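Working notes for the structure below.
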Amino acid sequence: MTNTISNTDDIIDSRDVIARIEELQGEREALESELESAQETLDDMLDDTSVLSGDEAKDQQEIVAAAIDALAEWDDEYATELQTLTALQDEAEWYCSDWQDGAALIRESYFTEHAIEMLKDIGCLPAKIPHYVVIDEEATAENIKADYTSVEFDGATYWVR
């Protein structure tokens, strides 16, 4: 199982979103396939009266019921997560050409810290700023946001470019 993705994460990698969506879709498709197969087997049994016995039909009906229950349980537990992640992907990939290759979504509450660290990493700010030098980190982060687009993920704002 891939890592779950939460709207409390400071940074989300788009590749993790893609992987989780694919994982969830695969799980649901497998359950749907199991249900379809079980239902087809039951239908075939009901069509072929020479094969049909009360116990066989009852057993197959239980298999179909179990497959229906498994799909319903999956939907109860994971359908909202799949819908939320798909909505995030649909919104963010529209603005982000690097979505498939790996784009960072930065949570609003973490953006200032991220921006300052990025500026230090690329050499625009020294790694160690003396205590007597004051930098308006908030204003700097706001200036950097001009290159980003905000997207909503389950009630939290993230910035992506």
Quick check, is Leu85 within 30 Å of Arg28 (Cβ to Cβ), over 34 Å from the mean Cα position of the chain (by Cα) and surrounded by 12 or more Cβ atoms within 10 Å (Cβ to Cβ)? no
Do we have Val160 as loosely packed, with under 15 Cβ neighbours inside 10 Å and β-branched (Val, Ile, Thr) here? no
Determine whether the stretch 136-153 contains at least one residue that is small (Gly, Ala, Ser), under 24 Å from the mean Cα position of the chain (by Cα) and open to solvent by 80 Å² or more (accessible area, probe 1.4 Å). no
With (1) open to solvent by less than 40 Å² (accessible area, probe 1.4 Å); (2) under 15 Å from the mean Cα position of the chain (by Cα) as the list, and Leu119 as the residue in question, which single condition is left unmet? (2)
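The values are calculated or read from the model by the stated rules, or taken from the named source; none is laboratory data. Quick caveat: nothing in here was measured; it's all calculated off a predicted structure. A quick note on method: Cβ atoms are made from the backbone with ideal geometry, for glycine too, and the neighbour counts reach across all protein chains shown. For the accessible areas, the whole protein counts, side chains as well, though only heavy atoms, and no ligand, DNA or RNA atoms are used. Shrake-Rupley method; radii C 1.70, N 1.55, O 1.52, S 1.80 Å.
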